1. State the number of residues belonging to the stretch 53-70 that are in a strand (DSSP E or B) and within 17 Å of His104 (Cα to Cα).
2. Take Ala78 and tell me if it is surrounded by 17 or more Cβ atoms within 10 Å (Cβ to Cβ) and either modelled with pLDDT under 95 or within 15 Å of the chain's Cα centre (by Cα) (or both).
3. From Thr59, Thr33, grab the single residue that is surrounded by 14 or more Cβ atoms within 10 Å (Cβ to Cβ), modelled with pLDDT of 75 or more and under 14 Å from Ser82 (Cβ atoms).
4. Restricting to the stretch 71-110, name every residue that is outside any loop (DSSP other than H, G, I, E, B), of a type in the set (Val, Ile, Thr) and closer than 15 Å to Met126 by Cα.
5. List every residue pair whose Cβ atoms lie under 9 Å apart, where the two residues are 6 or more positions apart in sequence or sit on different chains, the first residue falls within the stretch 85-102 and is touching a residue at least 24 places away in the same chain (Cβ under 8 Å) and under 17 Å from Arg53 (Cα atoms), and the second residue, located anywhere, is among the acidic types (Asp, Glu) and assigned to a loop (DSSP other than H, G, I, E, B).
6. Filter the stretch 118-135 down to residues that are surrounded by 13 or more Cβ atoms within 10 Å (Cβ to Cβ), in a loop (DSSP other than H, G, I, E, B) and under 13 Å from the mean Cα position of the chain (by Cα), then give me how many there are.
Amino acid sequence: MAISGFGRCKGEEGGMVSTVAAPPPAAPSGNLTAFIDQGSKFEGKLSFKDTVRIDGAFTGEISSENTLIVGETGEIEASIKSNTVVISGTVVGDVVAGRQIVLHKTARVEGNLKAPSMVMEQGALMNGSVEMSAGSDSGSGNLKAIKGGSQPQGSAPNKPQADGQSGGDRK
């Protein structure tokens, strides 16, 4: 946990008391367990269980059970596997998320994205393919294809007939 401020002030009884400012609120998906700040450079394999924010440079592989946040100054060249990936900086490499990928307007992504849910703000740049599937099952989810314009049994056509009557069985 990072300490955002530290100081000393007088307590009620006149004695000196050390104070620590409250940390910023935790990300909704978990506690921030690591922070790679701007100007830092790392290379290798990074794996973690909670939330990690990268504002520096990272090259290699990243795997997580929770959330990866790439800050606006973050520069990642790696394959990423995480539950949730939030990108505001630059990522070069494939990203696979078990839950969601979020690309903020400052995001720059060069690689393939795969997740069941994706949010992309206007202004984000992405070069690669996007695959959205229902998760770890067969990939078909609840969608069903309707072949040749035929309709499922028991449903009426959506457009009115030429005589002004809606479709359905006439007797």
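The values are calculated or read from the model by the stated rules, or taken from the named source; none is laboratory data. Fair warning: this is a prediction, and the values are worked out from it, not measured in the lab. Methodologically, a virtual Cβ is constructed for each residue, glycine included, from the backbone with ideal geometry; neighbour enumeration extends over all protein chains shown.
1. First pass over the stretch 53-70, keeping only residues in a strand (DSSP E or B): 53-54, 57-64, 67-70.
Next, from what is left, pick out any that are within 17 Å of His104 (Cα to Cα): 53-54, 67-70.
Residues flagged as in a strand (DSSP E or B) and within 17 Å of His104 (Cα to Cα) within the stretch 53-70 amount to 6.
2. Working: surrounded by 17 or more Cβ atoms within 10 Å (Cβ to Cβ): yes; either modelled with pLDDT under 95 or within 15 Å of the chain's Cα centre (by Cα) (or both): no.
For Ala78, the condition - surrounded by 17 or more Cβ atoms within 10 Å (Cβ to Cβ) and either modelled with pLDDT under 95 or within 15 Å of the chain's Cα centre (by Cα) (or both) - is not met.
3. Numbers: Thr59 fails: under 14 Å from Ser82 (Cβ atoms).
Answer to the check: Thr33.
4. We begin by selecting, within the stretch 71-110, every residue outside any loop (DSSP other than H, G, I, E, B); these are 75-87, 90-92, 95-103, 108-110.
If we keep only those that are of a type in the set (Val, Ile, Thr) too, we end up with 76, 80, 84-87, 90-92, 95-96, 101-102, 109.
Residues satisfying the conditions are Ile76, Val85, Val86, Ile87, Thr90, Val91, Val92, Val95, Val96, Ile101, Val102, Val109.
5. Gly89/Asp55; Gly89/Glu72
6. Of the residues in the stretch 118-135, 1 are surrounded by 13 or more Cβ atoms within 10 Å (Cβ to Cβ), in a loop (DSSP other than H, G, I, E, B) and under 13 Å from the mean Cα position of the chain (by Cα).
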